[in-house]
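First comes the structure, then the notes that go with it.
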């Protein structure tokens, strides 16, 4: 593409700095694109060759103050879209989907392409009307990017989106952190980890029930760490009460606080196995973070995880929403020897270098922009 001018891209991402997706993708995508990122006001991310505009209202001003600050944010964003002469307006996330979708639809004529990365086909806890709302916006977009074939099938099943409007581009495995971790100790407990925001679809209750089904000897050989920010309005479950009810406090360490970025290397570096007992998911950044450290996984046998584990070649799959099946997977994992662990880790490395490479994701993204009509 040496003789082609760079594609001018405006990305809108209000999850940063909590999400590193745009940073990781942009590091490779900037070879083909001039990238401006409109992100939260408290974002401190930077990357040479990318323009960061930390202007999205981050919250915390009270109801009236929040409405006014959010309105000012949208005015600034609208002005940028009108005057920026961008080839691509690429939406990564919404703060208020209903409001922002109307804004983008109204300003559609100022850009060559309206693109959205569909990290989740529908919100994790969809409200009444969300399917109609998102479906209408998806049909307005020129290009929809999804991270796996399972999400593509769901887009087509729910909204009849034509094949040519969807690009399957994998979410890269995070490279901000080190790839390898120390080998697991020969003696001591097997360390299981479930991490990330605590929400009902993640099946923490399924994991706790499965642990309660383990015999006492096996529990003495295991340590289960569950860490992540819990928002009671989204997930009001009293997990510490469940742990007490099941009598498994001797092998479960639970924290409902956000994991600071600086603690992620130690948290993943100490884990032997990452556990994903999810009920449903369109794509998991936490699973790819586990891959960053070469950590084998135990995951629900649902379409996304079946695809992203290569049919269980990076660990074990178990029947979803079945605590007894998860117990059996844990029992099997405790018996893994170093050869088995190394086989899983080798397959993870292969996936990280091939399918989940940011370089490959960026190449396919630029290619999708051009295929959809940018110069």
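Below are the figures for this structure:
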{"read-out": "Test set (1) out of contact with any strand residue (DSSP E or B) (no Cβ under 8 Å at 6 or more places or on another chain); (2) buried (at least 17 other Cβ atoms within 10 Å of the Cβ); (3) modelled with pLDDT of 95 or more; (4) not in a helix (DSSP H, G or I) - residue 298 fails condition number", "value": "(1)"}
{"read-out": "Test: residue in region 335-349 that is under 19 Å from the mean Cα position of the chain (by Cα) and either in a loop (DSSP other than H, G, I, E, B) or closer than 16 Å to residue 148 by Cβ (or both)", "value": "no"}
{"read-out": "Which listed residue is in contact with a helix residue (DSSP H, G or I) (Cβ under 8 Å, 6 or more places away or on another chain) and closer than 10 Å to residue 275 by Cβ, from 333, 324, 299", "value": "299"}
{"read-out": "Region 92-115: number of residues that are under 18 Å from residue 145 (Cβ atoms) and either in a helix (DSSP H, G or I) or free of Cβ contacts under 8 Å to residues at least 24 places away in the same chain (or both)", "value": "5"}
{"read-out": "From 121, 99, residue being closer than 30 Å to residue 160 by Cα and buried (at least 20 other Cβ atoms within 10 Å of the Cβ)", "value": "121"}
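The values are calculated or read from the model by the stated rules, or taken from the named source; none is laboratory data. Please read all numbers here as calculations on a predicted model, not as lab measurements. All Cβ positions, glycine included, derive from the backbone under ideal geometry; neighbour counts span all protein chains shown.
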